[in-house]
Amino acid sequence: MKSGALHRIVIAGGGAGGLELAVRLGRRHGPDHVTLVDATPFHIWKPSLHEVAAGTVDIHRDGLSYAMLAHDNGFRFVLGEITEVDRQAREVRVAALSDADGGLILPERGVPYDTLVLAIGSLGNFFNTPGAEQYAISLDTTDAAERFRLELLKAMARASAGTDVATPGVVNVVIVGGGATGVELAAELHEAGRTISAYGLPGMTPDKLRITLIEGGPRILGPLPERVARAAEALLVERGVQVVADCRVSQVTPHSVVAQDKVFDADLCVWAAGIKAPALMGRLGLELNGMQQIKVDETLRTADPAIYAIGDCAAAPWRETGKTVPARAQAAHQQASYLAPILSARIRGETPPAQPFRFRDFGSLVSIGHAEGVGSLMGNLSGRKLLVEGWIARMMYAGTHWSHYAAVLGWWGASLRSLSRLLSRRSQPRVKLH
Ligand SMILES: Cc1cc2nc3c(=O)[nH]c(=O)nc-3n(C[C@H](O)[C@H](O)[C@H](O)COP(=O)(O)OP(=O)(O)OC[C@H]3O[C@@H](n4cnc5c(N)ncnc54)[C@H](O)[C@@H]3O)c2cc1C
């Protein structure tokens, strides 16, 4: 299809929502119309970050280069962190890029837009808990997940040598937050710990990696049906994870997590107790909610008609429940699909279709390691939630990962990627050890 006068769409953030949108629009309209800006040079789907943290996903092998994706899908890619949005000049400011020694690679740049889509995701919310930001790691970026992986390997080596750990010979990992992220990380760490032990750290038997999952509410997986939460807890307990509910953390120190009347030894603490949108959202002069998310209307547009927002950084109304659309990859995906024809119409200079965005909750799946999962799916005919468990749930969970990669690489590319990951397991350890 022939595109109209040059209308520049800039997508800020190439995550679950932004990248899928850039691919859809780029394939249709090309790089003169579509630019993606991301702070990192490669894409890892955020729901895989617990696997990066456990070392079962290797960012250097599994990350997708934005430069390659841009070339193959017809959009322009700009590398760098967006620091400001100048709404008057309609330009985003992208920070200069330097190497580890401070040498300048790219100067500060301005990227002009006619329509801007904010898709910069979210960060961990520490709720001002003393010590949490300083001593806990939040799995909100690939860098943070990779840092956790290296800290875990070091802690296990130290424990094996009997040096500098809270309990000699043991590594205590405390995960604060019993939502899907915390639950999936606990199970993944359990499996990773077994593999790392098997590769010969003297004395580090799998039981020496002690994982505690702390939840402030009465049970883990609060938004999911109780049956799903019970099934997940049973699987975690079976794997030796200590699950502590109704326990509010009040402080994190270098070697402990303090909660009400209890102190948990912690060589490593992961914070997975909530999210907020990045601080950039507060600098736009547009209305935010309590989680710093920018308010959008039912067409995902902010109060500035040139700016849309999708994914975790947006507070979009969910009419059926009276709440906002949940911060989930499936919501970011649906919003990208919804926005693509609207932005296509803007590029062509036509009036965009006017129907509002409707979030369809297809349910949630939670992986409990590589062989099992639990979840609830929306029955299309009955409208009721159906419980799924075991390897079927795990396969369906893997299917959601595959469909994201199919959206950006195509069916064939995503299948080859899965196959190559499967084959590489024959020649590489299941957990990245370096
Ligand atoms: C461990 C974990 C497991 C999860 N599991 C699930 C799951 O099973 N199912 C599910 O539905 N959801 C899951 N989620 C939530 C899901 O990952 C998010 O809801 C989803 O990724 C949000 O998509 P997004 O496009 O809004 O942001 P993201 O996918 O977070 O992407 C944001 C992008 O913006 C870039 N960026 C940020 N700031 C800037 C800036 N200033 N300048 C330039 N670029 C910037 C980032 O580099 C990133 O690429 C999980 C989350 C985590 C952490």
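The values are calculated or read from the model by the stated rules, or taken from the named source; none is laboratory data. Everything quoted here is computed from the prediction, not taken from an experiment. Every residue, glycine as well, gets a Cβ built from its backbone with ideal geometry; the counts of neighbours run over all protein chains shown. Note: accessible area is taken over every heavy atom of the protein model, side chains too, but ligands, DNA and RNA are not part of it. Shrake-Rupley method; radii C 1.70, N 1.55, O 1.52, S 1.80 Å.
For every residue, the table says whether it meets (1) more than 12 Å from the ligand (Cβ to nearest atom); (2) open to solvent by less than 40 Å² (accessible area, probe 1.4 Å); (3) of a type in the set (Val, Ile, Thr).
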residue: Gly290; (1), (2), (3): yes, no, no
residue: Ile294; (1), (2), (3): no, yes, yes
residue: Ala306; (1), (2), (3): yes, yes, no
residue: Ala327; (1), (2), (3): no, no, no
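Kindly indicate whether any position in the range 13-25 is open to solvent by 10 Å² or more (accessible area, probe 1.4 Å), in contact with a Lys or Arg (Cβ under 9 Å, 6 or more places away or on another chain) and within 9 Å of the ligand (Cβ to nearest atom).
Among the residues of the range 13-25, at least one is open to solvent by 10 Å² or more (accessible area, probe 1.4 Å), in contact with a Lys or Arg (Cβ under 9 Å, 6 or more places away or on another chain) and within 9 Å of the ligand (Cβ to nearest atom), which makes the answer yes.
Given the condition open to solvent by 10 Å² or more (accessible area, probe 1.4 Å), within 12 Å of the ligand (Cβ to nearest atom), in contact (Cβ under 8 Å) with a residue 24 or more places away in the chain and in a loop (DSSP other than H, G, I, E, B), answer yes or no: does some residue in the range 93-112 qualify?
Within the range 93-112, none of the residues are open to solvent by 10 Å² or more (accessible area, probe 1.4 Å), within 12 Å of the ligand (Cβ to nearest atom), in contact (Cβ under 8 Å) with a residue 24 or more places away in the chain and in a loop (DSSP other than H, G, I, E, B).
Here's a check for you: in the range 113-152, which residue that is among the aromatic types (Phe, Trp, Tyr) and within 18 Å of the chain's Cα centre (by Cα) is surrounded by the most Cβ atoms within 10 Å (Cβ to Cβ)?
Applying the filter and picking the extreme gives Phe148.
State whether the residues of the range 153-165 include one that is more than 26 Å from Gly311 (Cβ to Cβ), at pLDDT below 95, surrounded by fewer than 15 Cβ atoms within 10 Å (Cβ to Cβ) and in contact with a Lys or Arg (Cβ under 7 Å, 6 or more places away or on another chain).
Yes: the range 153-165 contains one or more residues that are more than 26 Å from Gly311 (Cβ to Cβ), at pLDDT below 95, surrounded by fewer than 15 Cβ atoms within 10 Å (Cβ to Cβ) and in contact with a Lys or Arg (Cβ under 7 Å, 6 or more places away or on another chain).
With modelled with pLDDT of 85 or more and open to solvent by less than 20 Å² (accessible area, probe 1.4 Å) as the only criterion, which of Gly222, Gly178, Gly240 stands out?
Gly178
Find the residue count for the range 265-277, including only residues that are open to solvent by less than 20 Å² (accessible area, probe 1.4 Å) and either in a strand (DSSP E or B) or among the aromatic types (Phe, Trp, Tyr) (or both).
Number of matching residues: 4.
Take the range 291-310 and flag every residue that is among the charged types (D, E, K, R) and under 17 Å from Val10 (Cα atoms).
Of everything in the range 291-310, those that are among the charged types (D, E, K, R) and under 17 Å from Val10 (Cα atoms) turn out to be Arg301, Asp304.
Please state which of the following conditions Met68 fails to meet, knowing it meets all the rest: (1) under 30 Å from Ser367 (Cβ atoms); (2) crowded, with 18+ Cβ neighbours inside 10 Å; (3) of a type in the set (A, V, I, L, M).
(2)
Find the residue count for the range 48-60, including only residues that are within 30 Å of Leu284 (Cβ to Cβ) and more than 11 Å from the ligand (Cβ to nearest atom).
0
Checking the conditions here, which among Gly63, Gly80 is near the ligand (Cβ under 10 Å from one of its atoms) and either among the small types (Gly, Ala, Ser) or over 23 Å from the mean Cα position of the chain (by Cα) (or both)?
Testing whether each residue is near the ligand (Cβ under 10 Å from one of its atoms) and either among the small types (Gly, Ala, Ser) or over 23 Å from the mean Cα position of the chain (by Cα) (or both) leaves just Gly80.
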